[in-house]
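The values are calculated or read from the model by the stated rules, or taken from the named source; none is laboratory data. In this text the structure is predicted, and so the values were computed from the model without any measurement. For neighbour counting, all protein chains shown are included, and Cβ atoms are generated from backbone atoms with ideal geometry for every residue, glycine included. Side chains are part of the model used for accessible areas, which takes the heavy atoms of the whole protein and leaves out ligands, DNA and RNA. Shrake-Rupley method; radii C 1.70, N 1.55, O 1.52, S 1.80 Å.
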Amino acid sequence: MQKKLSSIKIGRHIQAHASIYLFVSVLFFMGVVFGAIVVNSLSLAQKEDLAYYLEQFFGQVSTGQMADSEDLFRQSLMHNLKYLGCMWLFGISIIGLPLIFVFLFMKGIVVGFSVGFLVQQMDWKGFFLAMATILPQNLIIIPAFIFIASASIAFSLQLIKKIFMRQAGNFHMAAFLSRYILFFLLAAVLAAVAAGIEAYISPAFMSFVIK
């Protein structure tokens, strides 16, 4: 029953702030496109250096010299939680609102650059490798980033209206904040699922594709 109520709250939140979710989604995919374009701006020496490290990494994967899955899970989860936590805190601070856009755009650049570099260096093999190793976890973590970024922006704008524009009628800070905390916990669960995929499933896909 409680889960059903939570899903209703989240659904209403997304519906009420559809314009914010649309803007954030477009901003993220602009970052992806920009990241793919950045690959073409690299010098030949930079591309050769990255290609060398990529070959070294693939050599380790093909011989089974990969990091422990538990370590990968822990590192991935902590990285994503820090990223999500920063955007969540920016929403509370109000003055950190512009940084939410920067963080989300940078995340898009990283994804776009990773996929773009693999495709440029390895053509169709790079495309299949990206689909096997980058796509699975990002199908989970990207919606989490978009969700928490949109929720943080909406929360920050609501605080500005209620506090600075004297629109404090029927404003209950405790309920307002508890819902915001619920949103972060949901994003944290998605981050844990994405970390599990990255640590336990993606390496198997990667090894299969490389071999």
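Every residue, every condition in (1) within 23 Å of Asn40 (Cα to Cα); (2) part of a helix (DSSP H, G or I); (3) aliphatic (A, V, I, L, M), yes or no:
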site	(1), (2), (3)
Val115	yes, yes, yes
Gln120	yes, yes, no
Lys125	yes, yes, no
Leu129	yes, yes, yes
Ile142	no, yes, yes
Phe147	no, yes, no
Ser152	no, yes, no
### Query
With respect to Ile109, is the statement that it is over 14 Å from the mean Cα position of the chain (by Cα) and either under 22 Å from Leu177 (Cα atoms) or not basic (Lys, Arg) (or both) true?
no
### Message
Being among the aliphatic types (A, V, I, L, M) and in contact (Cβ under 8 Å) with a residue 12 or more places away in the chain: is that true of Ile181 here?
### Response
no
### Query
Does the stretch 95-112 contain at least one residue that is part of a helix (DSSP H, G or I), open to solvent by 50 Å² or more (accessible area, probe 1.4 Å), under 24 Å from Tyr200 (Cβ atoms) and charged (D, E, K, R)?
no
## Note on the structure
Restricting attention to the stretch 193-211, the residues that are buried (at least 17 other Cβ atoms within 10 Å of the Cβ) and modelled with pLDDT of 85 or more number exactly 6
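Somewhere in the stretch 76-88, is a residue of a type in the set (A, V, I, L, M) and free of Cβ contacts under 8 Å to residues at least 24 places away in the same chain?
yes
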